[in-house]
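Comments concern the structure below.
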Amino acid sequence: QVQLVESGGGLVQAGGSLRLSCAASGYTYSINYMGWYRQAPGKQREFVARISSGGSTYYADSVKGRFTISRDNAKNTVYLQMDRLKYEDTAVYYCNAAMPDSTDWGQGTQVTVSS
């Protein structure tokens, strides 16, 4: 099992930037991918970005070119740099860690973009 703790959410104006962090602990050696999802009020949770243990990245079309995912393997931490934020990026952002047989989730961090 892997424990995940997100931080870095907050309130920002449209066009601004935020950086989210997700620190992993526990059986981190078994993690294949770490990623970010988000859930806006009244909507289903949706994929945002992921990064493999080797550093390969993949993004949702809605954030491509604006968000950047990265990881520091020494710190077992993954980051989501969010630039040119839009009102529609407002959501609770969740970090996840995918292992061969399971997926663990963090508790989420709120991102609110004011228009």
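The values are calculated or read from the model by the stated rules, or taken from the named source; none is laboratory data. Predicted model, so just to flag it, every value in this text is computed and none were measured. Because the Cβ atoms are built from the backbone with ideal geometry, glycine has one as well, and the counts that use them run over all protein chains shown. We work out accessible area using only protein heavy atoms, side chains counted, and drop any ligands, DNA or RNA first. Shrake-Rupley method; radii C 1.70, N 1.55, O 1.52, S 1.80 Å.
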Filter result for Arg19 (modelled with pLDDT under 95, part of a strand (DSSP E or B) and out of contact with any Asp or Glu (no Cβ under 7 Å at 6 or more places or on another chain)): no
Total residues in segment 6-27, condition more than 11 Å from the chain's Cα centre (by Cα) and open to solvent by 80 Å² or more (accessible area, probe 1.4 Å): 3
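Determine which member of the set Ser70, Ser30 is surrounded by 14 or more Cβ atoms within 10 Å (Cβ to Cβ), within 15 Å of the chain's Cα centre (by Cα) and among the small types (Gly, Ala, Ser).
Residue meeting the stated conditions: Ser70.
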Count of segment 74-115 residues which are part of a strand (DSSP E or B), in contact with a Lys or Arg (Cβ under 9 Å, 6 or more places away or on another chain) and either open to solvent by 70 Å² or more (accessible area, probe 1.4 Å) or not hydrophobic (A, V, I, L, M, F, W, C) (or both): 6
Verdict on Gly54 being exposed (fewer than 13 other Cβ atoms within 10 Å of the Cβ), over 13 Å from the mean Cα position of the chain (by Cα) and over 23 Å from Gly15 (Cβ atoms): yes
